[in-house]
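Reviewing the structure listed below.
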Amino acid sequence: MASPADTAWIIEQTRARGFSLCGIARAESYPEHARLPEWLACGYAGEMRYLADPRRNDPARILPGAKSAIVCALNYNSRRPYSTEVPADSTEEGPRGWISRYAWGDDYHELILTKFNDLIGALRERFTEPFEARAYVDTGPILERAFAHRAGLGWQGKNTCLINEALGSWFFLGVIVTTLELLPSLGPAEAPPPDLCGNCRLCLDACPTGALVEPYVLDASRCISYLTIELRGSIPEEFRAPMGRHVFGCDICQDVCPWNRSVPATQLDSFHPRNISPREKMPGESDAPARAESLFQPRLEWLAALTEEEFRRIFRGSAIKRAKWRGIVRNACIALGNSSARRGTVTHARISALLERLAASPDAGIAEHARWALARLCGESA
Ligand code: B12
Ligand code: SF4
Ligand code: SF4
C-alpha cells in the first residue's frame, strides 16, 4: 500500500497539470453499478449500445488486478452567460443556436488524455515496481461519476451530473485505473460527499423534453444532448419543437442549478469559445463578405449551410465532430424551424430559401428535417 505522502504527491502532480480536483477510490463495484442493469432494461440508453458493455459494472474486468482509480476533474467554465440568460434570436444577423459550454473550445478528450499520459509517466518514475495503468475520458466502460463520488469529488445531483460544492458541475472527469494500491481519499469510516440537492427540483422542472424522469434518473433517449450528438438518423418529432435552438448538447439542467450560480472560471484558454475566421472566397462565389463566426451562440444559417468539407476543417480538434456533418446540419434545420423569424421579413425569406435548398438535399435525413422546419416556419402543421 502506498503512503499518505504518495497520495499528496499524486494530488500535487495533478494540480501542476491544471486539474482542479483529484481523489482516489478503490477500483471496485459500488451501489451505482448495481443500478445500471435496471437503467438499461428501461431502454434509457437509447441507441448507445456501448453502455451495456458488461465490464461497465465490474471494474475488475476493465483491468485485471485493478486496485485503485485516480479521478480528476478539469474545470471548463468559460466566463459567458448561461443559455437561460440569453434570449433566443437575439441578434440582427439572424437566429442563433446554442452549443453547449463544454464544446466551445478544444476537444477535452485529447487534452485530458495527454495530461494523463504525462501523469502516468511521472507515476512510473515514482513507483518503481511493475504496474498497469489505463486512462479513460469517456473512452472506456467506466461509470466515471460513480468513481468520482467515491473519490470524494462531489455528489451526483438530481440532474445526474457530478456536483462539487466549490466548483459546481462545469468540469470534465477522467479516471486512471491502476493496479497500484493507493491510499483512498476517504478512510474506511468516512462517507462520500453528501447529497446537497435538498428539496430543490429546478433541473427537473426546467428540462424541456422531460428527460429527467425522476430525481437522479435520466432517460437519455429523451435528452437533447443525446438527440443532438449521439442519435444518428431521424429525431423523433415529439422532441423537435422542445429542442428549441439547441444544435449540440444542452446545458439547461446545469444552467438552472443553484450550485452553478457563482463558480470559478477555467484557467485554460483552450475552453474559451472558438472564433472561426472568415474563409477565403472560392472562385465564382458571390460578393457577400464571408464573416467571422463564433461557437458561442453560432449563427444557425452558417451552420446549416456548411459543406461537409468545411465542417471537417472547422471542427478538427473539437468535440463537435462527434455529431458529424449531417447531424449538425440536421440539428440546425430543426433550430431554424423553431426560430421566431416572422413571415414577410427579410430574415424569414432568407431562411426559407436556405431550407428549401436543404429540402432538396440528396441526403434523405437532411431533406426530411429541412421539410419539417419549413412547414413549422411557415406555420403549416409540422
Ligand atoms: C453516455 C453519456 C452521456 C449520455 C447519457 C447521460 C447519463 N446521464 O448517463 C448523454 C449523451 C445524454 C450525456 C449527456 C451529457 N453528458 Co455525458 N456522458 C456519458 C458517459 C460516456 C457515460 C455515462 C453513463 O455511464 N451513463 C449511464 C447511466 C446509467 O448513468 P447515470 O445517469 O449516472 O445513472 C445512474 C444514476 O441514475 C444512478 N441512480 C439511479 N437511481 C438513483 C437514485 C439515487 C438516489 C441516486 C443517488 C442515484 C441513482 O444509478 C444509475 C446507474 O449508475 C460519461 C462518461 C463516463 N464514462 O462515465 C459522460 C459524462 C457523464 N457526461 C458528461 C457531460 C459533461 C455531459 C453533458 C453535460 C454534456 C452536454 N452539455 O450536453 C450532458 C449532461 C446530461 C445529464 N443531465 O446527465 C460528463 C459529466 C461531468 C459531470 N460534472 O458530471 C461525463 C462524466 C464525461 C466526462 N468525461 O467528463 N452523456
Ligand atoms: S441536458 Fe437538457 S435535455 Fe438533457 S436532461 Fe438536462 S435539461 Fe434535459
Ligand atoms: S438544480 Fe437543484 S435538484 Fe437539480 S442538481 Fe441542482 S441542486 Fe440538485
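Brief remarks on what is shown
- Against the chain, whose longest principal axis comes from its Cα atoms, helix 31-41 is set at around 40 degrees.
- In region 189-242, Rg over Rh equals 1.13, where Rg is the alpha-carbon radius of gyration and Rh the Kirkwood radius from pairwise Cα distances.
- Remark: the Cα gyration tensor places region 312-360 in the prolate category, a/c being 1.5 or greater and a/b exceeding b/c.
- Unit charges on C-beta of K, R, D, E only; dipole of region 135-206, Debye: 140
- Of the Cα atoms belonging to region 16-147, the radius of gyration and Dmax stand at 18.9, 63 Å.
- Tilt relative to the chain, helix 324-337 - C-alpha long axis, 0 to 90 degrees, to 10: 60
- Taking the longest Cα principal axis of the chain as reference, the axis of helix 364-377 is set at about 60 degrees.
- Per residue Cα convex hull volume in Å³ - calculated over the chain: 153
- All C-alpha pair distances within region 155-218, sorted into 10 Å bins from zero, spread as 17, 38, 30, 12, 2 percent across the bins.
- Pairs of lysine residues in the chain that meet both criteria, 8 or more places apart or on different chains and Cα atoms under 27 Å apart, total 5.
- Segments 27-38, 137-148 sorted - mean Cβ within 10 Å per residue, highest first: 137-148, 27-38
- Size of charge dipole - region 181-306 - debye, nearest 20, with Cβ of Lys, Arg +1 and Asp, Glu -1, no other charges: 380
- Charge dipole of the chain about the Cα centre (unit charges at C-beta), most positive-ward option of S234, A25, A133: S234
- All C-alpha to C-alpha distances of region 223-366, sorted into 5 Å bins beginning at zero, yield P(r) values of 2, 8, 15, 20, 21, 16, 10, 5, 2, 1, 0 percent in whole numbers.
- In terms of Cα atoms, the Rg and Dmax of region 65-217 work out to 18.6, 63 Å.
We did not get these values from a lab; they are worked out from the coordinates using the rules stated. Just so it is clear, the model here is predicted, and its values are computed rather than measured. Methodologically, a virtual Cβ is constructed for each residue, glycine included, from the backbone with ideal geometry; neighbour enumeration extends over all protein chains shown.
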